[in-house]
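Note sheet for the following structure.
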Amino acid sequence: MSEGSRERIFSRLHAASRQTSTPDSQPPGLPILEYSRKEKIEKLKTLMEAMRTEVYICSVKNWENNLAEILRQRNVKSLLYAPQTDIGQALENYWENASGQALQLIPYENDIEQFKETVFNVDAGITSAAGAIAETGALILWPSEKEPRLMSIVPSIHIAVLKADTIHNTLLDAMQKENWPERIPTNIVLVSGPSKTADIEMTLAFGVHGPKALIVLILED
Amino acid sequence: MTIHQQVDFDDNVSRALNDSQLIKNTKAAMGTLVAKRKAIFPDETEIEQLRTLGNALKQKALSKLPQLLEQLEEKCIQNGIKVHWAETTSEANHQVLDIMRSHGATSLVKGKSMVSEEMELNAFLQKNGIEALETDLGEFIIQLNHEKPTHIIVPAIHKNKDQISKIFHEKIPNTPYTEDVAELTAIARKILRKKFNEAEIGLSGVNFAVAETGTLCLVENEGNGRMCTTVPGVHIALMGLEKVVEKLEDLPPLLRLLTGSATGQLITTYVNMITTARKQGEKDGPKEVHLIILDNGRSQIFADPDRRQTLQCIRCGTCLSHCPVYNRIGGHAYGYTYPGPIGKILNPQVEGLKAAGVLATASSLCNSCEEVCPVKIQIPDLIRRIRNESYSKDPASTMEGHGYKRNLLETLTWKVWEKINTYPVINAVGLKILSVLGIKLPQIGPLKNWTRYRATPELAPKSLHELVKHHGVDHE
């Protein structure tokens, strides 16, 4: 059924496109923006906070302390993490030595088919952000074998750890500098805040399906 | 092609005009959307440049549409995505059903997809014993109330908070009445999370499909789209064949235009780019991804050089929000999937003039839609084209149902009009008689309808022509 349809659709399209000319040269693209390192951090922070994201600037040496404090304040009892990543290693080391905090670290080690209930019932999930976009205020999530996709969407709190040096000026910048067309993975997600909706009377409500809270730790050297 | 019940547009409009609650809700929401768009595009020169760019990118994509679709298909197959081609909505519906049956699945969670509305997929699946659950909050609300979306972007905006509170209370078992938006949202969240957890198959639309990489790009704020495309083991994506763009680098300006025009956002909460099914070693994501590419009249539209620009549409809905007619009648009155200005040109081209050509009459040709369109579709020109073709018996016409409105009375009227205006003597004598007798327009037929809501024009004793002759022209 589909094969015949495909042929007929293409024969109509090819017949029609023989009469067309190629359009004139393309108009100029989006304006090129160059921010300083400091400006990028500031802009990202301001824009994401305006979308009700919590942003903390931390030191790469002891960000785990900040995390522990945030988790304590929010009374997070269980944290889903990716054990094979740098972040995962750091968390394991930190909590091995940390005493007195009742936090259950849950490694994402199984396929989702055996793991769904855990993912849907955990308090929070922590992932890396592969980068960010200063201009529009968004994280770039780049899930992988080690760091599965659902960690950043199912748990009610998503914590993302971002290195300050990986913030790009614009989305186009990120695509070009990181060579997205060649390296594109299974899934990339840009995230600018916690889940929200304005479907009822244009009134903003947060946490409709995905995370109710998005917490970003920006790591500075 | 979908068989629509015959739409009585006049009746729909009368009913909508008398529904003060509907008009109030619609106007309030459209006012907000218009203001938000204006705030995000404050610089006239910049938005003009951006629209020019958006127009060029979509024109570029259309200029090589078959090649890009072939490239997209090839890339998708390489990436492990199964590609299906559907000429009609019925074929697309059966493709969804076949996929569902091949998995023995009886339920489906749906992200927002206007193509699925075009297909009337929910009704089709229901007839075949499959539950299709809308998960976008707006779509969820109207599905509870057995309605169709009233706006491309904010589907339940014709309902206010009180009405929605009532729907939740009445349609969801054991739900106490609440008018608190946060509480209403929490109720929906609880129900839908359970459904996401259990769903075997998820369905979504596509905002842009990138030929270069085979990437499906979806924008959303709620996260239900990410849930539908990541939790279930199977993902079905639906797209109209005009959604393809050439390169990943084409996305940034198009995304800016889409989110800015649609909801006045710099960027949506999520921009989801899906390129492959779950790869070996990955722990989640659907193992099977299907892409259904729908024609449903689009290749016919593509064949006409002027009408082709209809396919540039990125479904931002801003022409609806800015339309004075839409603001006064809401989306349901149009009776077809796509309401507002874009619907006035799209539905008649897809469904034929006889069925949907009447929609093109619902325009004051004020040009608001064209002024805000992010890809510069000349909607008013196409409305005029549809109006003209409704009377045209020209065999060269490419529009299905052209000439359906042609009738003897109108043909004669225009013939007389033509004569009066080509012979100055007849014109002068005719005007003289009219002005002396002061004849008012007779209250019959279309004139009766026209004058029902408008003051009857009265003829001046002297025509402009005569005044100019006597007084000359003042040059200021």
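Quickly run through the range A:141-159 and pick out the residues that are assigned to a strand (DSSP E or B) and surrounded by 24 or more Cβ atoms within 10 Å (Cβ to Cβ).
Of everything in the range A:141-159, those that are assigned to a strand (DSSP E or B) and surrounded by 24 or more Cβ atoms within 10 Å (Cβ to Cβ) turn out to be A:L141, A:H158, A:I159.
Take B:I301 and decide whether it is in a strand (DSSP E or B) and β-branched (V, I, T).
The answer is no for B:I301.
Quick one: is B:G214 out of contact with any Leu (no Cβ under 9 Å at 6 or more places or on another chain), assigned by TED's automatic domain parsing to the domain that holds B:L72, of a type outside the set (S, T, Y) and closer than 18 Å to B:P286 by Cα?
When the stated conditions are applied, B:G214 does not pass them.
Of the residues A:A132, A:A160, A:A138, which single one is under 30 Å from B:G31 (Cβ atoms), within 13 Å of the chain's Cα centre (by Cα) and either within 9 Å of chain B (Cβ to nearest Cβ) or touching a residue at least 12 places away in the same chain (Cβ under 8 Å) (or both)?
When all the criteria are applied, what remains is A:A138.
Could you say which residue among B:K243, B:K279, B:K195, B:K283 is farther than 22 Å from A:L171 by Cβ and more than 9 Å from chain A (Cβ to nearest Cβ)?
Answer to the selection: B:K195.
Can B:T276 be described as under 17 Å from B:G225 (Cα atoms) and either assigned to a helix (DSSP H, G or I) or charged (D, E, K, R) (or both)?
No: the conditions fail for B:T276.
Yes or no: B:V109 more than 23 Å from B:H332 (Cα to Cα) and buried (at least 21 other Cβ atoms within 10 Å of the Cβ)?
Details: more than 23 Å from B:H332 (Cα to Cα): yes; buried (at least 21 other Cβ atoms within 10 Å of the Cβ): yes.
Yes.
From the set of residues in the range B:307-356 that are within 17 Å of B:M119 (Cβ to Cβ) and charged (D, E, K, R), which is modelled with the lowest pLDDT?
B:E351
Tell me the residue from B:I191, B:I236 that is over 28 Å from the mean Cα position of the chain (by Cα) and not acidic (D, E), please.
B:I191
Sort out which residues of the range A:79-122 are over 22 Å from A:E145 (Cα atoms) and in contact with a strand residue (DSSP E or B) (Cβ under 9 Å, 6 or more places away or on another chain), and write them in order of number.
Across the range A:79-122, the qualifying residues are A:W95, A:L103, A:Q104.
What's the number of the only condition in (1) out of contact with any Leu (no Cβ under 8 Å at 6 or more places or on another chain); (2) over 30 Å from B:K82 (Cα atoms); (3) small (G, A, S) that B:S321 fails to meet?
(1)
Checking A:T46 against (1) surrounded by 13 or more Cβ atoms within 10 Å (Cβ to Cβ); (2) touching a residue at least 40 places away in the same chain (Cβ under 8 Å); (3) out of contact with any strand residue (DSSP E or B) (no Cβ under 6 Å at 6 or more places or on another chain); (4) assigned to a helix (DSSP H, G or I): exactly one of these is not met. Which one?
For A:T46, the failing item is (1).
Which of the following residues is under 21 Å from B:K60 (Cα atoms) and surrounded by fewer than 21 Cβ atoms within 10 Å (Cβ to Cβ): B:E212, B:E200, B:E183?
Checking each option against the conditions leaves just B:E212.
So which helices (runs of 4 or more DSSP H) are wholly in the range B:360-476 and hold at least 2 residues that are at pLDDT 85 or above? Steps first, please.
On the way: elements: B:368-372, B:379-391, B:408-422, B:424-437, B:445-452, B:464-471.
Because the criterion is at least 2 residues that are at pLDDT 85 or above, the helices (runs of 4 or more DSSP H) in the range B:360-476 that meet it are B:368-372, B:379-391, B:408-422, B:424-437, B:464-471.
Return yes when A:L67 is within 27 Å of A:I133 (Cβ to Cβ) and more than 7 Å from chain B (Cβ to nearest Cβ) and no when it is not.
Considered against the rule, which asks whether it is within 27 Å of A:I133 (Cβ to Cβ) and more than 7 Å from chain B (Cβ to nearest Cβ), A:L67 comes out as yes.
Table: residues versus (1) over 14 Å from the mean Cα position of the chain (by Cα); (2) among the aliphatic types (A, V, I, L, M).
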residue: B:P339; (1), (2): no, no
residue: B:S363; (1), (2): yes, no
residue: B:E371; (1), (2): yes, no
residue: B:I377; (1), (2): no, yes
residue: B:S390; (1), (2): yes, no
residue: B:D394; (1), (2): yes, no
residue: B:G401; (1), (2): yes, no
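Using beta carbons and a limit of 7 Å, which pairs, at least six apart or on different chains, have the first residue in the range A:180-207 and closer than 28 Å to A:T46 by Cβ and modelled with pLDDT of 95 or more and the second one assigned to a strand (DSSP E or B) and polar (S, T, N, Q)?
A:V189/B:N272
Just to be sure before I move on: is B:G260 within 9 Å of chain A (Cβ to nearest Cβ) and outside any strand (DSSP E or B) in the structure I sent?
So B:G260 does not fit the description; no.
Would you confirm, using the coordinates I've provided, whether B:A356 is under 17 Å from B:H151 (Cβ atoms) and small (G, A, S)? Steps first, answer last, please.
Working: under 17 Å from B:H151 (Cβ atoms): no; small (G, A, S): yes.
Criteria not met by B:A356.
Quick one: which residue in A:I57, A:I32, A:I87 is out of contact with any Gly (no Cβ under 7 Å at 6 or more places or on another chain) and buried (at least 16 other Cβ atoms within 10 Å of the Cβ)?
A:I87
Looking at the range A:174-206 only, could you name the residues that are more than 7 Å from chain B (Cβ to nearest Cβ), in a loop (DSSP other than H, G, I, E, B) and surrounded by 22 or more Cβ atoms within 10 Å (Cβ to Cβ)?
Answer for the range A:174-206, where residues must be more than 7 Å from chain B (Cβ to nearest Cβ), in a loop (DSSP other than H, G, I, E, B) and surrounded by 22 or more Cβ atoms within 10 Å (Cβ to Cβ): A:P194, A:A198.
Check B:Y336 against each of (1) in the same structural domain as B:A92 (by TED's automatic domain parsing); (2) in a loop (DSSP other than H, G, I, E, B) and name the one condition it does not meet.
(1)
Counting only residues that are touching a residue at least 24 places away in the same chain (Cβ under 8 Å) and within 11 Å of another protein chain (Cβ to nearest Cβ), which one in the range B:168-190 is farthest from A:V119 (Cα to Cα)?
Once the filter is applied, the top-ranked residue is B:F168.
So how many residues does the range A:53-97 have that are in a helix (DSSP H, G or I) and more than 17 Å from the chain's Cα centre (by Cα)?
Result for the range A:53-97: 20.
Residues of the range A:119-129 being more than 10 Å from chain B (Cβ to nearest Cβ), over 14 Å from the mean Cα position of the chain (by Cα) and surrounded by fewer than 24 Cβ atoms within 10 Å (Cβ to Cβ), which ones?
Matches in the range A:119-129: A:V122, A:D123.
The values are calculated or read from the model by the stated rules, or taken from the named source; none is laboratory data. Predicted model, so just to flag it, every value in this text is computed and none were measured. FYI the Cβ positions are ideal-geometry reconstructions off the backbone, even for glycines, and counts take in every protein chain you see.
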